[in-house]
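No lab work stands behind these numbers, since they all come straight from the coordinates. All values reported here derive from a predicted model rather than from experimental measurement. Quick reminder, even Gly has a Cβ in these numbers, built from the backbone with ideal geometry, and neighbours come from all protein chains shown.
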Amino acid sequence: MGASFGSGAAGVFLLSCLTALASGLRAQPPGTLAGVYVATAGQYLQFFPDGIFIDHRVTDQLIVPSRFYEHPRIQRGTYEIERQTILFSFADGHRGMRTFLAPAAQANSLTFDWIDLGWQMFFEEGYRTRLSGGL
């Protein structure tokens with residue numbers, strides 16, 4: 001699955017993401033990350049400030065090739081963020097990495113409105129509710 005500059009809402013969304021990327025990101029966050037970041041319903045990553053993460057069916061489709069691509073798993077492990085890269089070390093011994101981007105305006109926070117891992121953007125679980133005026 002790849003991104004393209006399609007027309008309609010998807011193209012506008014992608015263009016707004018690229019504009020946000022160009023207008024100022026924190027490329028290398030100091031410290032650690034915390035929060036739940038949603039890809040789609042039932043697929044999300046949960047990060048803890050002590051460097052532990054729980055993968056709810058995301059990385060098998062994010063870090064390829066993966067023999068579990070069609071049937072992604074729930075996994076856990078540790079993570080490190082350095083030089084625009086997040087390194088995942090899984091409990092079963094395998095490792096993977098993706099580029100990491102987060103909003104520069106939230107540089108002093110553990111939780112971000114969104115994170116970008118390679119080609120996929122993840123929104124913090126309450127971010128869209130806050131945008132729509134909810135609590």
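Below are the figures for this structure:
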{"quantity": "Pair list, Cβ < 8 Å and 6+ apart or interchain, from segment 70-85 residues that are without any contact (Cβ under 8 Å) to a residue 40 or more places away in the chain and farther than 11 Å from Thr32 by Cα to residues that are buried (at least 18 other Cβ atoms within 10 Å of the Cβ) and of a type in the set (Val, Ile, Thr)", "calculated": "Pro72/Val58; Pro72/Thr59; Gln75/Thr59"}
{"quantity": "When residues of segment 92-113 are limited to those that are surrounded by fewer than 18 Cβ atoms within 10 Å (Cβ to Cβ) and hydroxyl-bearing (Ser, Thr, Tyr), the one farthest from Phe47 (Cα to Cα)", "calculated": "Thr99"}
{"quantity": "Identity of the residue in segment 114-134, surrounded by fewer than 14 Cβ atoms within 10 Å (Cβ to Cβ) and among the hydrophobic types (A, V, I, L, M, F, W, C), that ends up farthest from Ala102 (Cα to Cα)", "calculated": "Leu131"}
{"quantity": "Count of segment 79-112 residues which are of a type in the set (Ser, Thr, Tyr) and over 15 Å from the mean Cα position of the chain (by Cα)", "calculated": "2"}
{"quantity": "Any chance Gln75 is polar (S, T, N, Q) and surrounded by fewer than 18 Cβ atoms within 10 Å (Cβ to Cβ)", "calculated": "no"}
{"quantity": "Among (1) farther than 15 Å from Leu33 by Cα; (2) out of contact with any Leu (no Cβ under 9 Å at 6 or more places or on another chain); (3) of a type in the set (D, E, K, R), the one test that Arg95 misses", "calculated": "(2)"}
